[in-house]
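The values are calculated or read from the model by the stated rules, or taken from the named source; none is laboratory data. The structure presented is a predicted model; accordingly, all values stated were derived computationally and were not measured. Cβ: placed from backbone, ideal geometry, glycine included. Neighbour counts: every protein chain shown.
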Amino acid sequence: MTAQEAEEKKFQTETQKMLDLMINSIYTNQEIFLRELIANASDAIDKVKFQSLTDSDILAGNSDFEIWLDIDKANNEFIIEDNGIGMTYNEVIENIGTIAQSGSQEFLQKLQEQQAAAEDDALDLIGQFGVGFYSSFMVANKVTLITRAPKQDKGVKWESTGDGTYRIEEVDKPERGTIIKLQLRNEFTSDGEGMDLTNRQNIQRLVQKHSNYVQYPIKMKFYEEGDEGETTEEIRTLNDMRPLWVRNKGDIEEEEYNEFYKEVFNDWTEPLEVVHSKVEGLVKYSTLLFIPQQAPSNIFSEDFDQGLRLYSKNNFVMDNCSKLLPDYLRFVRGLVDSPDFNLNLSRQVLQDDKQLKIISKNLKKKVLKRLKNMLADDREKYKKFWREFGQLIKGGINMNYGKEQEELVDLLVFPSSHSDSEMTTLAEYVERMEEDQDVIYYVTGEDETTVEKLPQMELLQEKGLEVLYFFDEIDEFAINSLREYDDIEFKSVLRGDLDLDEVDESVEADEDEVEELLEDIKDHLADKVTDVRLSKRLKSSAVCLVSGDAGLSMSMEKVLEKMDQNMGQAQRILEINPQHDLFSKLKKIHVTEGNSDRLAEYSKLLYSLASLVEGFTPEDPVEFSDKITNLMVEAK
Ligand code: ADP
């Protein structure tokens, strides 16, 4: 639809909310509006350039891609112009009137969640999401956008003061591209207290700070007053443009990498690690990769933009190419530039591009090697990394097998009974193993305090055997998929038989009697447990439940249940502590009453008690509490 006359339209509610936020300016860092507008201009040029590869008419001779900044001092206006893709009438309504972009939506939501949050958090958020075009309302009280898409006769003018409505109409515009005029708020003029945005030097500084590596020249005219009152005009290119990755590593300061990363990948914090390399061989490429300090909030969600940016000789080819790194390294940001990439590279072609495969193998190796070095040389830093991205690496182990898994095992670290805060690698664990120890013990649970109190841990603690702590839901799945490390099997403290051969001789004396008792209890719990036996691991607790040796464990069952994936129940084994007074009591009941009702009831109670410790709710909580109450009443 096109309109002959101006239309007055209302903003979508979300958009207006966003605008209000901008207008009431919760950020002290208003200057980023320029970065956002320049990024949009640069994206728009990327788009038209890309389309022109298949449709050369689109450029219509206008192919010196540039971004122009200008200042109209008399009117306190700041102007930015590009010869990018522009927008049609409907595109303006869609793109500028509504927040289609999920990032902005999520931003809004996050912001509302922490309405009362400190300014710092808001800054963090804006860094994470970027709020694009609307940020111009932080410095302007009226924004005018005039744009023309390729092959259109007319342009479109959009205007708003951010007060709920905008005005849109067709206008004449001779060339393709977009002009945005900001009517600056008084605060940002030479009369105001904020940064004077009518000052060209200030603008130049901002461009160098935030937009230095933008691929297209950002130009502005500077005027100089001569001796005789005449003004001379000088056109300056404000940005450097020389891509950091083509320069030599030795010539680049850490600060430059950090700035580059923050600008290009829209992060507020510096990267944790930078990997920069140039390869000249069978394939030729340079790469600049970053490991962020913080995982983006949506890293596990579908809409996370995973992947690297591809360039071919400094020409942008595509963004978010996910073929270059395995899924478990999806947190890596960065770019790869190779003269071998075809500018027309489509995602289909990418699938089986040989060069790409070689590059991708190399990149993976590089990143993993860097992580291994970090683990060896800087444990504190590695722990930081692990806190943010460890789950992904474990996921990689879980989803892969063979060689692929092997590459990752030595990146694993876990807290353990040796030192919870220090975290141990598997190799370090094995080093510390007791002489006659032939398995790697682990326990699953909430946190340190919970697992250390588990009855199943008692004997291991007494024997001083080190136990790995699995606090992450994925841990046990990953270890199950791994099976062994260095030919040593993993063994859950909560599973099967621990083979710690500590049998109490006094029990063996009346073996038949005990045998019968256990059988009877098992009968009473036939629908709940696969076995009832004397425990070799309990010291002071009376009972515990353990999972069967193979298959699902109880903790895995819990995780799957949470994910709504019913994979059945874990095998449960009830273990009774033969040294406990409760066991003597059971024996006494059995000797005097035989397989009585009381024994049946006690069996069920035993099971409920053991389940409780495992974090399961008794099947019938009311019945359970009634029984306990009765016992208390009966007690002398
Ligand atoms: P984002 O850039 O994150 O998508 P914005 O709010 O900044 O969000 O912009 C919304 C959309 O408006 C862009 O995705 C783009 O389609 C369009 N747009 C913005 N600026 C320009 C421009 N200078 N030229 C062409 N299209 C633009």
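Sub-6 Å Cβ pairs linking a first residue in the range 84-95 that is touching a residue at least 40 places away in the same chain (Cβ under 8 Å) to a second residue that is more than 6 Å from the ligand (Cβ to nearest atom) and aliphatic (A, V, I, L, M), at least 6 apart or interchain, are GLY84/ILE45; GLY84/VAL48; ILE85/VAL48; GLY86/ALA149; MET87/ALA149; THR88/ALA149; TYR89/VAL156; VAL92/VAL156, ordered by first then second residue. Selection of the range 530-550 for residues being among the polar types (S, T, N, Q), touching a strand residue (DSSP E or B) at 6+ places or on another chain (Cβ under 8 Å) and surrounded by 17 or more Cβ atoms within 10 Å (Cβ to Cβ) yields SER535, SER547.
Condition check ((1) in contact (Cβ under 8 Å) with a residue 24 or more places away in the chain; (2) aliphatic (A, V, I, L, M); (3) over 22 Å from PHE265 (Cα atoms)) across all residues:
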| site | (1), (2), (3) |
| --- | --- |
| VAL139 | yes, yes, yes |
| VAL143 | yes, yes, yes |
| PRO150 | yes, no, yes |
| LYS181 | yes, no, yes |
| LEU184 | yes, yes, yes |
| PHE188 | yes, no, yes |
| GLY192 | no, no, yes |
| LEU206 | yes, yes, no |
| GLU228 | no, no, yes |
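The residues on offer are GLY132, GLY127, GLY164, and the sole one that is modelled with pLDDT under 95, surrounded by fewer than 17 Cβ atoms within 10 Å (Cβ to Cβ), assigned by TED's automatic domain parsing to the domain that holds ILE71 and within 15 Å of the ligand (Cβ to nearest atom) is GLY127.
Could you grab me the full set of residues in the range 270-303 that are hydroxyl-bearing (Ser, Thr, Tyr) and over 21 Å from GLN391 (Cα atoms)?
SER277, TYR285, SER286, THR287
In the range 42-57, the residue that is nearest to the ligand (Cβ to nearest atom) out of those that are more than 14 Å from VAL264 (Cα to Cα) and surrounded by 20 or more Cβ atoms within 10 Å (Cβ to Cβ) is ALA44. Looking at the range 72-100, which of the residues that are surrounded by fewer than 20 Cβ atoms within 10 Å (Cβ to Cβ) and hydrophobic (A, V, I, L, M, F, W, C) is farthest from the chain's Cα centre (by Cα)? Applying the filter and picking the extreme gives ALA74. Among the residues of the range 181-203, those that are away from the ligand (no atom under 16 Å from the Cβ) and in a strand (DSSP E or B) comprise GLN183, LEU184.
If I ask for residues that are in contact (Cβ under 8 Å) with a residue 60 or more places away in the chain and in a loop (DSSP other than H, G, I, E, B), which ones from the range 522-571 would you list? The answer is LEU525, LYS528, VAL529, LYS536, ARG537, LEU538, LYS539, SER540, SER541, ALA542, SER553.
Highlighted here are the strands (runs of 3 or more DSSP E) found entirely within the range 286-353 that include at least 1 residues which are of a type in the set (A, V, I, L, M, F, W, C) and modelled with pLDDT of 90 or more: 308-312, 333-337.
Of everything in the range 419-438 that's surrounded by fewer than 18 Cβ atoms within 10 Å (Cβ to Cβ) and closer than 21 Å to ILE393 by Cβ, which residue is farthest from the chain's Cα centre (by Cα)? If we take residues in the range 419-438 being surrounded by fewer than 18 Cβ atoms within 10 Å (Cβ to Cβ) and closer than 21 Å to ILE393 by Cβ, then VAL430 is farthest from the chain's Cα centre (by Cα). Evaluating ASP64 against the criteria (1) touching a residue at least 24 places away in the same chain (Cβ under 8 Å); (2) in a loop (DSSP other than H, G, I, E, B) leaves one unmet condition, (1). Filtering the range 364-409 to residues that are part of a helix (DSSP H, G or I) and among the acidic types (Asp, Glu) leaves ASP377, GLU380, GLU388, GLU404, GLU406, GLU407.
Each row is one residue, and each column tells you yes or no for (1) within 14 Å of the ligand (Cβ to nearest atom); (2) part of a loop (DSSP other than H, G, I, E, B).
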position: VAL143; (1), (2): yes, no
position: ILE146; (1), (2): yes, no
position: ASP153; (1), (2): no, yes
position: VAL156; (1), (2): yes, no
position: GLU159; (1), (2): no, no
position: ILE179; (1), (2): yes, no
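Pairs only if they're at least six apart or on different chains, beta carbon under 6 angstrom, first in the range 623-636 and closer than 10 Å to LEU605 by Cα, second modelled with pLDDT under 90 and outside any helix (DSSP H, G or I); list them, first residue then second. Once the first residue is closer than 10 Å to LEU605 by Cα and sits in the range 623-636, its partners that are modelled with pLDDT under 90 and outside any helix (DSSP H, G or I) give PHE624/PRO618.
Within the range 246-261, one or more residues are closer than 25 Å to ILE358 by Cα and of a type in the set (A, V, I, L, M, F, W, C). Looking only at residues of the range 182-237 that are aliphatic (A, V, I, L, M) and touching a Lys or Arg at 6+ places or on another chain (Cβ under 7 Å), we find that the one that is nearest to VAL317 (Cα to Cα) is MET220.
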